[in-house]
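Engineer: Handing you a structure now.
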């Protein structure tokens, strides 16, 4: 993609040294050391930056706002080219100058791309702001998980620790073990670009959608099984053994065409004679079986003609029985996960 030409500005660069002292007062004015309190102090600082009417100076220009945000996050200053490119990005894309300053403070470079990992030294104010972004995304994602899949697998008490983990990981220190296809040994704990803020392209998306993509695999407000399986949240839950992404056995009703989990179609119509069509469905988010709920793995025969799952595919059997739906012999085994049944009767 052709990058826009840097915009020249008709005013000198802001005096970073002058702005640093005011930012230092705000950084030290927090009433607590956790990221929630620090974020509250940051919000107060932003409100003051956006409105200078009390001093009679009027609202500051974008390049002045960018400089104020930078000095809040870090004592380092961007080069003139970096500063001008961030102002340019703001003008062309509408990206928030505070998001640009935050990304720069944790290792992102608007001109040269990702900095080497050894150069990433995010300060506490920058980490606290990034953790807040991750925390907000976790809150939305866990609600979507519960609404879209019925899986309440993240306790609210764990939101803070997960946000802190993801906030640090996204600065280029992710160790979730996710590697891009073709990686032959990068020496890192993760080389997936979506988990590394240093690869952020503000001409493609704003900062919050990038964080959402890292946390749940997509910036859309929905859960997509395959994409979610590449997310930071899924990989954290998978390590804990509380969530899996697997191929699951579903039924397909021959009467109404509805797909369903379980033994029979839930629609109120007569059941058809013969076996219910069973088919594999990929990228399903499931909970491993335990305490009378969850899913268990099964070895099934898959008919390659009508794609019906049936029987138990024992490794001792060279061939399986003929398909009960089309009478052809199966040609492959498949591991699928099936919802476990309660270990005790529910009949009163």
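Engineer: Could you line up 184, 141, 218, 247 from fewest to most neighbouring Cβ atoms inside 10 Å?
Structural biologist: Ascending number of Cβ neighbours within 10 Å: 184, 247, 218, 141.
Engineer: In addition: Report, to the nearest 10°, how far helix 159-168 tilts away from the longest principal axis of the Cα atoms in the chain, using its own Cα long axis and a range of 0 to 90°.
Structural biologist: Tilt relative to the chain: about 60 degrees.
Engineer: If I model a spin label at residue 136 and residue 281 as a point 7 Å from the Cα along the Cα→Cβ vector, what separation in nanometres do I get?
Structural biologist: 3.3 nm
Engineer: Normalised by the number of residues in segment 241-338, what is the relative contact order in percent for Cα pairs under 8 Å and 6+ residues apart?
Structural biologist: The normalised contact order for segment 241-338 reaches 29 percent.
Engineer: I would also like to ask the following. Say each of residue 48 and residue 304 gets a label point 7 Å from the Cα, pointing the same way as Cα to Cβ; how far apart are those two points in nm?
Structural biologist: Rounded to a tenth, the inter-label distance reads 7.2 nm.
Engineer: Computed from the coordinates I sent, Rg and Dmax of the Cα atoms in Å equals one of [x] 26.6, 86; [y] 21.9, 68; [z] 27.7, 86. Tell me the label.
Structural biologist: Of the listed options [x] 26.6, 86; [y] 21.9, 68; [z] 27.7, 86, [x] comes from this structure.
Engineer: In what sequence do 71, 97 fall when counting other Cβ within 10 Å, fewest first?
Structural biologist: Ranking 71, 97 by Cβ neighbours within 10 Å, fewest first, gives 97, 71.
Engineer: Provide the gained length on full extension for the span residue 175 to residue 340, in nm with one decimal, where the gain is 0.36 nm per separating residue minus the Cα-Cα distance.
Structural biologist: This chain segment gains 56.1 nm when fully extended.
Engineer: Okay, moving on. Got a sec? How would 248, 276 order by Cβ neighbour count within 10 Å, fewest to most?
Structural biologist: 276, 248
Engineer: Something else: For helix 207-216, what angle does its Cα long axis make with the longest principal axis of the chain, in degrees from 0 to 90 and rounded to 10?
Structural biologist: Here the helix axis deviates by roughly 30 degrees.
Engineer: Of all beta bridges DSSP finds with both residues in the chain, what is the antiparallel percent, to the nearest 5? Intermediate values should be presented prior to the final figure.
Structural biologist: On the way: 20 of 22 bridges.
Around 90 percent of the beta bridges assigned by DSSP in the chain are antiparallel ones.
Engineer: Run the numbers for residue 267 and residue 191: contour at 0.36 nm per residue of separation, minus the present Cα-Cα distance, in nm.
Structural biologist: Taking 0.36 nm per residue and subtracting the Cα distance, the gain is 22.8 nm.
Engineer: Using only Cα atoms, find the angle between the long axis of helix 62-73 and the longest principal axis of the chain, and express it within 0 to 90 degrees, rounded to the nearest 10.
Structural biologist: So the inclination is approximately 70 degrees.
Engineer: Then there is this: Once label points are set 7 Å from the Cα along Cα→Cβ at both residue 91 and residue 21, what is their separation, rounded to one decimal in nm?
Structural biologist: Here the answer is 3.1 nm between the modelled labels.
Engineer: Another one. What is the Cα centroid distance between segment 272-299 and segment 255-270, reported in whole angstrom?
Structural biologist: About 15 Å separates the Cα centre of segment 272-299 from the one of segment 255-270.
Every read-out reported here was derived from the displayed coordinates using simple, explicitly stated rules and does not represent laboratory data. As the structure is a prediction and not an experimental result, all values here were calculated from the model. Virtual Cβ from ideal backbone geometry, glycine too; neighbours counted across all protein chains shown.
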